[in-house]
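Asks: Quick one: the structure is below, questions incoming.
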Amino acid sequence: MENTQTENKKVVLSFVQASGTPTLGNYLGAFKNWHNMSQENNCIFGVADLHAITVRSQPADLRRRSVEMYAMLLALGLDPEKNIVFLQSHVKDHALLAWVLNCYTMFGEASRMTQFKDKSSKHADNVNVGLFTYPILMAADILLYGADCVPVGDDQKQHLEIARDIAERFNGIYGNVFKIPEPYIGKKGAKIMSLQEPESKMSKSDPNVKSFVSLTDSTDVIVKKIKSAVTDSEAKVCYREDKKGINNLMNIYSCCTGLDFDAIEKEFEGKGYGDFKAAVAEAVAEEIRPLREEYERILGDQAYIEACAKSGAEKAQRLADRTMNKVMKKVGFYRI
Ligand code: TYM
């Protein structure tokens, strides 16, 4: 397979965990930017299936979710010929580099990760070491491919910071081995909140399905979920600190229509939340519909999915080999 990555373009890389059906939050915070960036840059997008086993699931479920997430990446229009689109576990070097980087990460700095604290309180019966070292595997994903830029939602900012710190520490000892990645966090959509608890982020693993719009939801389901979104009793569409539910819906509406908050306030002046929610639901449904249709089409073509995943893994492996050779030599492993 020909190498489609061009030397003088920036390397843009990002992953999504195979931990459930992706949500509107994933789409507005990450996928939409991935799609926009995929035309101009050397892009590497992956399904983080290794990360997904920090939470226990049935083998068949993990397999199905991984394939579905991969199909979703293809449905986004991330051209698998021009970009590298693959599954993390198909390139074993992610795990190898993560081990090496474990030894260059301080226990204290890993302990400060807010997502670890958060997730370990949610899964108190399974606080495994993988949950703790999760950001180091993520650093390996990024550093393995010399990413210049990592488009993510706001919740991944701290993980990007630790990846940069680990890379700088390693480079400080061995010279310039790793490129220092820059996060890209969009101005809009970087933090889409739960529809039921607008103080928490919208999450694909939330047990309350009414809290998120999933990218596979039908228009009817989207309308129902947005209708039941938590708001307040003021019945005034305006952006204000204490109106978390309305702020979230305004943010979503703004991402889908391109309108700024002033324009949205004007559009709904004198109207109630019923009208506003109906408009938000319609805008979301229209935004998602083509993606859902393409996703269903691609999911029906397993041979295509398999061929793309195979060629993606081969291309990723070639890049990973280059970095791993350097890392192994620098650290002092005996090479034959
Ligand atoms: P994950 O799977 O939780 O989410 C994938 C992407 O979606 C963004 N996102 C959101 N953006 C806005 N609002 C939300 N409510 C929302 N929920 C999720 C996330 O910020 C992310 O960009 N650890 C990562 C996956 C990963 C990764 C990497 C990312 C593994 N290796 C290397 C970048 C680079 C994660 O769990 O994302």
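The values are calculated or read from the model by the stated rules, or taken from the named source; none is laboratory data. Just so you know, these numbers come straight off a predicted model, no measurement behind them. When we count neighbours, we look across all protein chains shown, and the Cβ atoms used for this are built from the backbone with ideal geometry, even at glycine. Keep in mind that these areas ignore ligands, DNA and RNA; they rest on the heavy atoms of the full protein, side chains included. Shrake-Rupley method; radii C 1.70, N 1.55, O 1.52, S 1.80 Å.
Asks: Could you list all residues from segment 296-314 that are under 18 Å from residue 76 (Cβ atoms) and either among the basic types (Lys, Arg) or open to solvent by 80 Å² or more (accessible area, probe 1.4 Å) (or both)?
Replies: Correct list: 296, 297, 304.
Asks: Follow-up. Is there a residue being in a helix (DSSP H, G or I), at pLDDT 95 or above and touching an Asp or Glu at 6+ places or on another chain (Cβ under 7 Å) anywhere in segment 273-280?
Replies: no
Here is a yes/no grid of residues against (1) over 18 Å from residue 31 (Cβ atoms); (2) out of contact with any helix residue (DSSP H, G or I) (no Cβ under 7 Å at 6 or more places or on another chain); (3) at pLDDT 95 or above:
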residue	(1), (2), (3)
176	yes, yes, yes
179	yes, yes, yes
183	no, no, yes
186	no, no, no
195	yes, no, yes
198	yes, no, yes
205	no, yes, no
208	yes, yes, yes
225	yes, no, yes
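Asks: Okay, next question. So, in segment 138-158, how many residues would count as being within 18 Å of residue 112 (Cα to Cα) and either within 7 Å of the ligand (Cβ to nearest atom) or open to solvent by less than 20 Å² (accessible area, probe 1.4 Å) (or both)?
Replies: The total comes to 5.
Asks: Another question about this same structure. Considering 170, 132, which residue is open to solvent by 20 Å² or more (accessible area, probe 1.4 Å) and closer than 30 Å to residue 325 by Cβ?
Replies: The conditions single out 132.
Asks: Could I ask something else about it? Mind listing just one residue for me: the one in segment 159-198 that is assigned to a helix (DSSP H, G or I) and within 9 Å of the ligand (Cβ to nearest atom) and, of those, nearest to residue 230 (Cα to Cα)?
Replies: Among those that are assigned to a helix (DSSP H, G or I) and within 9 Å of the ligand (Cβ to nearest atom), it is 159.
Asks: Could you tell me whether residue 189 is surrounded by 22 or more Cβ atoms within 10 Å (Cβ to Cβ) and on the phi > 0 side of the Ramachandran plot?
Replies: Against the criterion (surrounded by 22 or more Cβ atoms within 10 Å (Cβ to Cβ) and on the phi > 0 side of the Ramachandran plot), residue 189 qualifies.
Asks: Could you please find all residues in segment 201-218 being more than 9 Å from the ligand (Cβ to nearest atom) and of a type outside the set (A, V, I, L, M)?
Replies: Selection gives 206, 207, 208, 210, 211, 214, 216, 217, 218.
Asks: Restricting the search to segment 39-90, which residues are more than 19 Å from residue 131 (Cβ to Cβ), in contact (Cβ under 8 Å) with a residue 40 or more places away in the chain and of a type in the set (Lys, Arg)?
Replies: 82
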